[in-house]
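S.K.: I'd like to ask you about the structure that follows.
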Amino acid sequence: MREYLFYSKESLDFPVDESIDVVTDLADTTGRRYLVANKPDAHAEVHAPEIDYYLSHTEDPISDRIRRVKSLYDIRSTIFDGAQHFDYIQPVGKRIVIIAREDRRALAQDLQADGFTAIWIDTDLVTDLHGHIGSLALSLRSIEGKEALETDQLLWYDAPDFALRYSGVYDPEALGESTALETVRAHRGQYHYKNFLAYDNTICQYHERLTDVCGKCEEVCPTTAILKIDDERHLQFDPVNCHGCGGCVSVCPSGALDYTQMPMDTFEEVSGFFDDTVALLLPEQLDLATLDVPLAPGVLPLAIPGQKFLSEVHLLTLLQKSGHPVIFYSDVLSKGTGDAITILNEIFERKYHTKAIHYCQTPDELLSAMERIAPIPEARFGMETYGMKKREVFTHRLAHLVGEEDLGIVTTGEHIHYGTVTVNEAACTLCLACVGACNAGALTAHPEDNTLRLNASMCTDCGYCEYVCPEANCLTVHHDELHLQPDYFKQVVLAQDELFACVECGKEFATVKAIEKIAAMMAPRFGNDEARIRSLYCCPDCKPKVMLKEHLRTAYSGVSHG
């Protein structure tokens, strides 16, 4: 396989990198296959229409065009190589259920004549639905002894919103009957899908928690690709129902979800191509042939899959790698990306007195944004982030931006949360339940000096530490506060205590406050039993020895040894 192909019936008026084959007739490529090409009819793994858009609309000088055309090919190659998704097939049989209030037996007969097994049922008989295309299950009010019905696809007239969240369900009223029937026929036999998500349950804010402190991914999912199993506190993923929009990734607070079509490490690598360049983010599915907006000098398009996956980490990475504002042109803005843009714009206004992200929905807005952008060279910052989690990357990048300044507190939004924690040290026994609860690494224990410490910038604001803390009026989470101050990005001591030494063997085994608390609770219950009271101050090894010694002393007291 060769690397890159540029095809145009008219020859280029400037030279390109030797890795790019330039042809004016596709017949010249017979027998060759390429990785990236600018035209869909070329034999290539990846079609990159942004190359033609750039060349036909850029105002860059020739020297920059030569360099940036090569970058556009390299960007697509990097995304292709870094993708972690795979192609799968879901078998789809010939069963179709038509759901409608009006009699649709005639349609069922037409579908049967077309080779389907089709039946019509009245809408009022349906009580529930689950599954996915090729394996849909309807719950019904009892009819002829049947309370369930399995099918491969559904034609549901005037379908409720919940039903349309499942793959294989089509509403002829909304799509038009001919389109719905074409879709059903097209999916007969097999349905192709990908695994768009990578999941790390070790840092998930929902997984196996004692209470529900997160679940944003399920909340924003437009389908049933993510479901919360509350009795187990597990997330259930159904990749067949997943559209690959990536909205769940943008709101995941810890980075437990990553987008396999463009993982965070790949996005970081791609951002490196925008050094001293303005990134114009464009959804892959956008028809660039309909976009007739000139590209200002220094603006380079970046076609992204799944336009909803962008988080504050993606955008800040691109801002700091480029040293320029970012332009995002799309008719859809996910909840997480919207919050991220709001947060970063406020931060950049405070630090650099300029806008960070220009979100545009119309060609006029896009043109206006390109006329107003100016470099932010002082924002440039490079760092090695491979293998780092989402919060770590954002913490290091934002800490560099803040520096030694106090830029105040930014209130975070409905879908992206940052917070901080305070502890009443007098009430804290250093039981470390909060440390065990925090899988984001914000709260940590330090045995070298017996301290509980907090790096507030790592806090996901989930509140689970407050839930598990056994002490009253001890630990408090302050929600939706992003402090733009140097100490926010450093470990600070929340509580500290001395270790208590066993009164029998001298081994240190607990904190002084913990022993004092237990003794204050239990000693009154032991009355004048000195051995039991003494055991409260003993390590686990010595405690039974003290009690056994007292038992033997009592048992043999008064026994004569003559």
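The values are calculated or read from the model by the stated rules, or taken from the named source; none is laboratory data. What you are looking at is a predicted structure, and each value in this text was computed from that prediction instead of being measured. Heads up, the Cβs are rebuilt from the backbone with ideal geometry, glycines too, and the neighbour counts pull from every protein chain shown. When the accessible area is computed, the model is the full protein with side chains, heavy atoms only, and any ligands, DNA or RNA have been set aside. Shrake-Rupley method; radii C 1.70, N 1.55, O 1.52, S 1.80 Å.
S.K.: Relative to the longest principal axis of the C-alpha atoms of the chain, give the angle of the C-alpha long axis of helix 62-82, reported between 0 and 90° and rounded to the nearest 10°.
M.R.: 60 degrees
S.K.: Name the GluC sites (Glu not before Pro) in region 462-527 that are in a loop by DSSP and that have at most 11 other C-beta atoms within 10 Å, would you?
M.R.: Counting only loop positions with at most 11 other Cβ atoms within 10 Å, the GluC sites (Glu not before Pro) in region 462-527 are GLU498.
S.K.: A further question follows. With label points built 7 Å along Cα→Cβ from the Cα atoms of GLU550 and GLN361, find their separation and express it in nm.
M.R.: With each label point 7 Å from Cα toward Cβ, the separation is 7.4 nm.
S.K.: Any idea of PHE86's accessible area? Nearest 10 Å², probe 1.4 Å.
M.R.: Taking all protein chains as shown, PHE86 has close to 130 Å².
S.K.: Please work out the Cα convex hull volume for region 73-214 and give it in Å³ per residue. Intermediate values should be presented prior to the final figure.
M.R.: On the way: hull volume 26.4 nm³, N = 142.
Output value, Cα hull per residue: 186 Å³.
S.K.: Can you tell me the accessible area per residue over region 383-516, all protein chains present, probe 1.4 angstrom, in square angstrom?
M.R.: For region 383-516, the solvent-accessible area averages 45 Å² per residue.
S.K.: Tell me the carbon and sulfur percent of the accessible area for the chain, rounded to whole percent, probe radius 1.4 Å.
M.R.: 49 percent
S.K.: Continuing with the same structure: For VAL220, what charge total do you get from the other residues with a beta carbon under 13 Å from its beta carbon, if Lys and Arg give +1 and Asp and Glu give -1?
M.R.: Result for the neighbourhood of VAL220: +1.
S.K.: With the cut-off at 22 Å, tell me which of the pairs LYS70/LYS308; LYS94/LYS228; LYS308/LYS390 have Cα atoms farther apart than that.
M.R.: Beyond 22 Å: LYS70/LYS308; LYS94/LYS228.
S.K.: What three numbers, in Å, describe the spread of the alpha carbons of region 464-562 along their principal axes, ordered from the longest?
M.R.: Over region 464-562, Cα extents along the principal axes are 82, 25, 18 Å.
S.K.: Return the whole-Å distance between the Cα centroid of region 75-125 and the Cα centroid of region 529-546.
M.R.: Using only Cα atoms to place each centre, the spacing works out to 70 Å.
S.K.: Taking a probe of 1.4 Å, how large is the accessible area per residue of region 71-121, in Å²?
M.R.: About 53 Å² of surface per residue is accessible.
S.K.: What does the net charge come to around ARG233 if you take all other residues with beta carbon closer than 11 Å to its beta carbon, with K and R at +1 and D and E at -1? If you can, show how the numbers build up before the last one.
M.R.: Numbers: positive: ARG209, LYS228; negative: GLU208, ASP212, ASP230, ASP231, GLU232.
With Lys, Arg at +1 and Asp, Glu at -1, the net is -3.
S.K.: May I pose another question? With just the Cα atoms of region 417-523, tell me how far they stretch along each of the three principal axes, in Å, largest first.
M.R.: So the extents along the principal axes, rounded to whole Å, are 49, 26, 21.
S.K.: Also: Where a Cα-Cα gap under 15 Å defines reach, which aspartates and glutamates qualify for LYS321, not counting those fewer than 8 residues away within the same chain?
M.R.: Within the straight-line limit of under 15 Å, LYS321 reaches these aspartates and glutamates: ASP265, GLU268, GLU269, ASP275, ASP276, GLU312, GLU378, GLU384.
S.K.: Determine ³J(HN,Hα), in whole Hz, for all residues of region 315-324 in sequence, where each value follows from phi through the Karplus function 6.51 cos²θ - 1.76 cosθ + 1.60 and θ = phi - 60°; x replaces Gly and Pro.
M.R.: So the Karplus estimates, Gly and Pro as x, are 5, 5, 4, 5, 4, 7, 5, 8, x, 9 Hz.
S.K.: Calculate the length of the line joining the C-alpha centroid of region 397-463 to that of region 134-200, in whole Å.
M.R.: Using only Cα atoms to place each centre, the spacing works out to 45 Å.
S.K.: What span do the alpha-carbon atoms of the chain cover on each of the three principal axes, reported in whole Å from largest to smallest?
M.R.: Principal axes ranked by extent give 117, 74, 42 Å for the Cα atoms.
S.K.: If you average the C-alpha positions of region 349-373 and of region 4-34 separately, how far apart do those two centres end up, in angstrom?
M.R.: A separation of 35 Å, based on Cα centres.
S.K.: If we count trypsin sites (Lys or Arg not before Pro) as exposed when they sit in a DSSP loop and have at most 10 other beta carbons within 10 Å, what is the longest stretch of the chain that avoids them all?
M.R.: So the longest stretch without any such site is 102-562.
S.K.: Calculate how many DSSP beta bridges within the chain are antiparallel, expressed in % of all such bridges and rounded to the nearest 5. Kindly include the intermediate steps, with their values, before the conclusion.
M.R.: On the way: 42 of 76 bridges.
Bridges in the chain are about 55 percent antiparallel.
S.K.: Continuing with this model, one more query. May I ask you to list the GluC sites (Glu not before Pro) in region 315-403 that are in a DSSP loop and have at most 15 other Cβ atoms within 10 Å of their Cβ?
M.R.: Hits after loop and neighbour filter: GLU384.
S.K.: Quick one: what does P(r) look like for region 325-454 with 5 Å bins over all Cα pairs, in whole %?
M.R.: 2, 8, 14, 16, 17, 16, 11, 7, 5, 3, 2, 1, 0
S.K.: On to the next question. What is the angle, in °, between the Cα long axis of helix 363-372 and the longest principal axis of the Cα atoms in the chain? Nearest 10 is fine, range 0 to 90.
M.R.: Between the helix axis and the principal axis of the chain, the angle is about 70 degrees.
S.K.: Can you give me the relative contact order of the chain as a percent, contacts being Cα pairs under 8 Å and 6 or more apart? It would help to have the intermediate numbers written out before the result.
M.R.: Details: 1063 pairs, mean separation 51.4, N = 562.
Worked out over the chain, it gives 9 percent.
S.K.: Please give the calculated 222 nm ellipticity per residue for the chain, where each DSSP H segment of at least 4 residues contributes -39500 (n - 2.57) and the sum is spread over every residue; nearest 500 deg cm²/dmol?
M.R.: Working: 17 runs with 170 residues, N = 562.
Roughly -9000 deg cm²/dmol at 222 nm, from the helical runs in the chain.
S.K.: Under a Cβ-only charge scheme (Lys and Arg +1, Asp and Glu -1), can you give me the dipole magnitude of the chain about the Cα centre, in debye to the nearest 20?
M.R.: 1840 debye
S.K.: Further question: If Lys and Arg each add +1 and Asp and Glu each add -1, what is the summed charge of the other residues whose beta carbon sits under 9 Å from the beta carbon of CYS538? Write down the numbers at each step before the final one.
M.R.: Numbers: positive: ARG534, LYS543, LYS545; negative: GLU504, ASP541.
The answer is +1.
S.K.: Within region 380-463, list the chymotrypsin sites (Phe, Trp or Tyr not before Pro) lying in a DSSP loop whose Cβ has at most 10 other Cβ atoms in a 10 Å radius.
M.R.: Here the sparse-neighbourhood loop sites are TYR386.
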